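A.B. asks: One structure coming up, written as structure tokens, with questions to follow.
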Amino acid sequence: MKRMLLFPLVLTALIGLAGSASAEHGPTPQKVDETVEIKAAPAAVWAIAGDFAGISKWDAEVKASEGSTKKRVMTLKNGEKITEEVDEYDPAHMTYSYRMLDPNLKALPASSYSATLVVTAGAQGGTQVQWYGRVYRGDTGNEPPEELDDEAAKTALSKLFKAGLEGIKAKAEGKS
């Protein structure tokens, strides 16, 4: 008889634990997707954008950069550094995918991100460059401060992408 009374109590406790566990979840990846149309041939655009380690030559948010087609260290305008590593580099298809290795919250309010840059033929003989990624906020707790929340991470990565795309466009169109 005691077992039958105990069962509903245990079941109620388990349901309560399951409910509270699902209410507390970590961050979800935030998507950032930026695109630009450029009046230049894809090969000319790739000659600029394909220089993974040379990002400081075409992204105004990056003060300095060094590395190879496998890994780069960027120094941002604020003096902070970020190291990124390539997962796939495919010059034949004019694309590469990479990820941040170690977070530097002073550089970018993100605990992690991965990104892909793709150069394709665009309208009327031009080129389209798409730069997209997934970013996790800097504070992975349930109630992050505003400067380390989802929006801060998305905004920072979007700013980096937009500046890069503007720089690629300016260089490819001979305006820089």
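A.B. asks: Which of the chymotrypsin sites (Phe, Trp or Tyr not before Pro) found in the range 22-106 are loop residues per DSSP with 12 or fewer other Cβ atoms within 10 Å of their Cβ?
C.D. replies: Details: sites: 46, 52, 58, 89, 96, 98; in loops: 52, 58.
Qualifying residues, ordered by number: none.
A.B. asks: I would also like to ask the following. Loop-only check: which trypsin sites (Lys or Arg not before Pro) in the range 70-176 are DSSP coil with at most 16 other Cβ within 10 angstrom? Mind showing how you got there, number by number?
C.D. replies: On the way: sites: 70, 71, 72, 77, 81, 99, 106, 134, 137, 154, 159, 162, 169, 171, 175; in loops: 70, 77, 106, 175.
Sites meeting the loop and neighbour criteria: 70, 77, 106, 175.
A.B. asks: Moving on to the next point. Ignoring ligands, DNA and RNA, what percent of the 1.4 Å accessible area of the range 34-116 is carbon and sulfur? Let's see the in-between values first.
C.D. replies: Details: 2060 of 3970 Å².
Taking all protein chains in place, the range 34-116 shows 52 percent carbon and sulfur surface.
A.B. asks: Given an 8 Å cut-off on Cα distances and at least 6 residues of separation, report the relative contact order of the range 36-131 as a percent. It would help to have the intermediate numbers written out before the result.
C.D. replies: Working: 201 pairs, mean separation 26.0, N = 96.
It comes to 27 percent, rounded to a whole number.
A.B. asks: Suppose we look only past 20 Å in the calculated P(r) of the range 50-176. What percent of the Cα-Cα pairs does that tail hold?
C.D. replies: Values: 3458 of 8001 pairs.
I get 43 percent for the Cα pairs in the range 50-176 exceeding 20 Å.
The values are calculated or read from the model by the stated rules, or taken from the named source; none is laboratory data. Fair warning: this is a prediction, and the values are worked out from it, not measured in the lab. FYI the Cβ positions are ideal-geometry reconstructions off the backbone, even for glycines, and counts take in every protein chain you see. Side chains are part of the model used for accessible areas, which takes the heavy atoms of the whole protein and leaves out ligands, DNA and RNA. Shrake-Rupley method; radii C 1.70, N 1.55, O 1.52, S 1.80 Å.
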